[in-house]
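In what follows, a structure is listed as structure tokens, so that the remarks can point back to it.
What follows draws every value from the coordinates through simple rules; no lab data is involved. Keep in mind that this is a model prediction, so the values were computed, not measured. Because the Cβ atoms are built from the backbone with ideal geometry, glycine has one as well, and the counts that use them run over all protein chains shown.
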Amino acid sequence: MATSQASNAGLPGIRARVGRALDDFLDSQRGTLGGIGADMLPWMDAIAGLLASGKRLRAAFCYWGWRAAGGEDCPQIHAAAAALELLHASALVHDDLMDASDTRRGQPSVHRRFAAVHANGRWRGSADAFGAGAAILIGDLLMAWTDQLLHGSGLPAAALRRGQPVLDAMRAELICGQYLDLLGQAAGDGTVDSALRVVRFKSAKYTVERPLQLGAALAGQRPAGDPAIERACRGYGIPVGVAFQLRDDVLGVFGDPAQTGKPASDDLREGKRTVLVAIARERAGAADRELLDRLLGDRLLDEAGAKQIRSILVETGALAECELMIDSSVAAGVAALTRAPMTGEAKLALADLAVIATARSD
């Protein structure tokens, strides 16, 4: 199964080519920042470390959106798709700061990294405030670089004009989804519907639907003006994107830290109001619901407390229900490909990508 998936989706090759495009771009930016001063180079080290790993799924969906609309394999689409990795890195830097996360991909999060630089240098002021400020600025820079890499990809100006509105919508939805997540943790009603709204805007559209639309737009299709293309991108992208985030939520509580790069209890300490948690709250008895509400978001939560939460998630059937939702969402997304106006090669690749994105352990 894994061999077939790799063969149809071509993910290792996409990762390698996107990685080379990122390396080339970062090399040019290292010279630019270094020209400002040597004290800017730690930014490049932090950015390079963050971009060195990653699943490259958004880039892969963009690539296959391009191929689905008839685009040929070429270096230009790999560079354009790589721009989404910069956008994703920007989101991760800001997300980690808002969640007060200590780690990302097995290394210190950017704000923690620069707080440590401040502390080690015995500089004036607050180390945490310095780290937060650096992370905000680095995240903003990565967001700006998204346009720079896309427009420097070598694609024709007409293609870039078609793609820009999709990228703009993608960024706006991501930012709004991030706020909905923040709002949900602070004042949300804790329902499954509320959690799914966050998932759709913060993850599903941003991870699958919009990258797919961007690739198609760059290749010459205009999703907003072609109902068939728009339906295909949405019909596949939303359910597969939801399944992707549901898997992420499960791994955030039950995953192996060696695989995920983050402690298994981080989402619980951060008080993430996920679909998994919402299902458990709806099904739990009064005592278990009170325990969930008391422990979820406790920054001092220990492993014993995390184990109690995991038990509730299992015993209420929330974990099993999430797994069923993942399977049904993937099936719905793949079914939407049947009549989609896409090349047969792209349909096979996207069917495999749906499984790769949602059956992962990292």
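Remind me, relative contact order of region 247-362 in percent, using alpha carbon pairs under 8 angstrom and six or more residues apart?
Averaging sequence separation for qualifying contacts and normalising by length gives 32 percent for region 247-362.
Tell me the label-point distance for the pair residue 287, residue 359, using the 7 Å Cα-to-Cβ offset, in nm and rounded to one decimal.
4.0 nm
Sequence gap of 8 or more, or different chains, plus Cα separation below 27 Å: how many lysine pairs satisfy both in the chain?
Summing the qualifying lysine pairs gives 14.
Residue separation times 0.36 nm, minus the C-alpha to C-alpha distance between residue 228 and residue 314: what's the value?
Contour length minus the Cα-Cα distance gives 26.9 nm.
When only C-alpha pairs under 8 Å and at least 6 residues apart count, what is the relative contact order of the chain, in percent?
It rounds to 21 percent for the chain.
Full-extension gain between residue 298 and residue 105, please, as 0.36 nm times their residue separation minus the C-alpha to C-alpha distance.
The span from residue 298 to residue 105 would gain 67.2 nm if fully extended.
Using r as the Cβ-Cβ distance of residue 148 and residue 48, and R0 as 22 Å, what FRET efficiency do you calculate, to the nearest 0.05?
According to the calculation, E is roughly 0.85.
If the convex hull of the alpha-carbon atoms of region 4-81 is projected onto planes in all directions, what is the mean projected area in square nanometres?
5.5 nm²
Report the charge-dipole magnitude of the chain in Debye, nearest 20, computed about the Cα centre from +1 at each Lys and Arg Cβ and -1 at each Asp and Glu Cβ.
Computed about the Cα centre, the dipole is about 580 debye.
Looking only at 266, 96, 24, which one moves most when the chain is put into a Gaussian network model with springs between Cα atoms under 10 Å?
Result for the chain, Cα springs under 10 Å: 24 fluctuates most.
For region 152-185 and region 213-289, write down the distance between their C-alpha centroids in whole Å.
Spelled out, the Cα-based centre of one part sits 18 Å from the other.
How big is Rg to Rh over the chain, alpha-carbon atoms, Rh as the Kirkwood inverse-mean-distance radius?
0.97
Could you work out [θ]222 nm for the chain from helices alone, using -39500 (n - 2.57) per DSSP H run of at least four and dividing by all its residues? Round to the nearest 500 deg cm²/dmol.
The helix-only estimate for the chain comes to -24000 deg cm²/dmol at 222 nm.
I'd like to verify something in the chain: which complete DSSP H helices, judged by Cα projection on the helix axis, reach 27 Å or more and average at least -1.0 on the Kyte-Doolittle scale?
The qualifying helices are 11-36, 75-99, 127-151, 157-187, 227-254.
May I ask you to compute the full-extension gain from residue 137 to residue 120, defined as 0.36 nm times their residue separation minus their alpha-carbon distance, rounded to one decimal in nm?
My answer for the length gained is 4.1 nm.
Checking the a/c ratio against 1.5 first, then a/b against b/c, what shape does the Cα gyration tensor give for region 114-208?
The shape class here is oblate.
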